[in-house]
Amino acid sequence: MTQSSTQTIPHVADKPRHVAIIMDGNGRWATARLLPRTAGHIRGVQAVRRAVEYCAKNDIPYLTLFAFSSENWRRPAEEVGLLMKLFVKALQKESVKLHKYNMRLKVVGDLSAFDPKLQELIKEAENLTVNNTGLTVTVAANYGGRWDIMQAIQRMLSASPELATQSIQESDFSPYLCMSDMPEPDLFIRTGGERRISNFMIWQLAYTELYFTDKYWPDFSSADFDDAVSWYAQRERRFGRTSAQLQEV
C-alpha cells in the first residue's frame, strides 16, 4: 500500500521512483505547424514510447500518464473520437510490447463511460501484463482527482459502513484510491507551458515536486526528461522539516 507522505517521511533518493506526467500541448503543437489538432495526438504517441523507454532504461519503476481527463469530454467530438481510436490502437499494439519487456500496464479512471469493446481491450491488456515485474505504466483515462477521492469514499463506506459514524483515518481511506498499490509520485511533469495540476492525482501529489516545461508533449525528448530528473535531484525534500534538520540526518 502507498506510504503516505503526510503520515511518514518517505525514503528520498536523487532519482524518482514514480513519475507522473500531464502530456499537454499536442493540439497546439499541430496548430503551430498548420496541421489539424488530431495530428498532434498521433505524434504524442511517439513521445509516450520515449517516456516509457526512458523510465525502463533509467530504472524508474513507476510511470503514470494522464491520457484523458474526465473534463476532456468537453472537447470537439471529432477530437474525442480520434483519441478513443488512438487508445484502442495503442492498447492492441503497445500492450504486446510492454509484455515482451516485462512491463505492467494499468488503466485507471471511470472506465464505464467507454465503449464496451474498449473496456474489454483494457481488461485484456491488463490481464496480459498483470504478473510482470518491471516498469509499471499507468494510464489515467476518464480520470479526475476529485472523482478518485469520491469513488474511494463510496467504496470505503460500502466495505465498512460503520465508518460513517466514526472518525475516519487516512489508513481507512487511502487503500480505496485508484493507485493505492504504488508509491506517491516523487516527480510531476507537465508539458505545454501551463502551470497547474488540472484535477490530476489531487490526493497523491501532496508532496510531489512539480516540474513545468514550455515544451509541447510531441517534442518532449529523452534529453528533456534528463533535465526534469536533474532538476528533481537538486530539490530539498523536507516533508515539513527544516533544512537544518535534514543536515542532521
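Numbers for the structure displayed
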{"read-out": "With eigenvalues of the C-alpha gyration tensor scaled by 5 and rooted, the chain, Å", "value": "29, 24, 18"}
{"read-out": "Neighbour-limited loop hits for trypsin sites (Lys or Arg not before Pro), the range 21-119 (at most 14 other Cβ within 10 Å; DSSP other than H, G, I, E, B)", "value": "33"}
{"read-out": "Inter-label distance, nm, simple model (7 Å from Cα along the C-beta direction), residue 88/residue 119", "value": "1.6 nm"}
{"read-out": "Top positive-direction residue, dipole computed over the chain with Cβ charges, set 81, 179, 231", "value": "81"}
{"read-out": "Kyte-Doolittle mean at least 0.0 and Cα axial length at least 15 Å: DSSP H helices in the chain", "value": "77-100"}
{"read-out": "Cα-centre dipole for the chain with unit charges at Cβ (Lys and Arg positive, Asp and Glu negative), debye to 20", "value": "720 debye"}
{"read-out": "Highest-fluctuation residue, 99, 18, 41 considered, GNM on the chain with Cα pairs under 10 Å", "value": "99"}
{"read-out": "Qualifying trypsin sites (Lys or Arg not before Pro) for the range 138-242 [loop in DSSP, other Cβ within 10 Å: at most 15]", "value": "195, 196, 235, 238, 241"}
{"read-out": "Dipole in debye (nearest 20) - the range 44-120, about Cα centre, beta carbon charges: Lys, Arg +1; Asp, Glu -1", "value": "340 debye"}
{"read-out": "Accessible surface of the range 87-208, 1.4 Å probe, proportion on carbon and sulfur as whole %", "value": "52 percent"}
{"read-out": "Which of 101, 161, 132, positive extreme of dipole for the range 61-194 (C-beta unit charges)", "value": "101"}
{"read-out": "Under DSSP loop assignment and at most 14 Cβ neighbours within 10 Å, longest GluC sites (Glu not before Pro)-free interval of the chain", "value": "72-193"}
{"read-out": "Extreme residue, positive dipole direction of the chain, given options 12, 142, 192 (C-beta unit charges)", "value": "192"}
{"read-out": "Between the range 25-81 and the range 144-185, the alpha-carbon center distance in angstrom", "value": "29 Å"}
{"read-out": "Close Lys-Lys pairs in the chain, where close means Cα under 14 Å and separation is 8 or more or interchain", "value": "6"}
{"read-out": "Binned Cα-Cα distances of the range 150-201, short to long, each 5 Å bin given as a whole percent", "value": "4, 15, 23, 17, 13, 12, 8, 5, 2, 0"}
{"read-out": "Virtual paramagnetic centre 7 Å along Cα→Cβ of residue 72, amide N under 19 Å, in the range 102-116", "value": "105-116"}
{"read-out": "Accessible area in square angstrom per residue, the chain, 1.4 angstrom probe", "value": "52 Å²"}
{"read-out": "Phi to ³J(HN,Hα) by Karplus 6.51 cos²θ - 1.76 cosθ + 1.60 over the range 173-188, Hz, x for Gly, Pro", "value": "8, 4, x, 9, 5, 4, 10, 5, 8, 10, x, 4, x, 8, 10, 10"}
{"read-out": "Distant-in-sequence amide H partners of residue 108 (H built 1.01 Å from N, under 5 Å)", "value": "139, 140, 141"}
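The values are calculated or read from the model by the stated rules, or taken from the named source; none is laboratory data. Source: prediction; values computed, not measured. So basically every Cβ, Gly included, is an ideal-geometry build from the backbone, and we count neighbours across all protein chains shown. Ligands, DNA and RNA are excluded from the accessible area calculation, which covers all protein heavy atoms including side chains. Shrake-Rupley method; radii C 1.70, N 1.55, O 1.52, S 1.80 Å.
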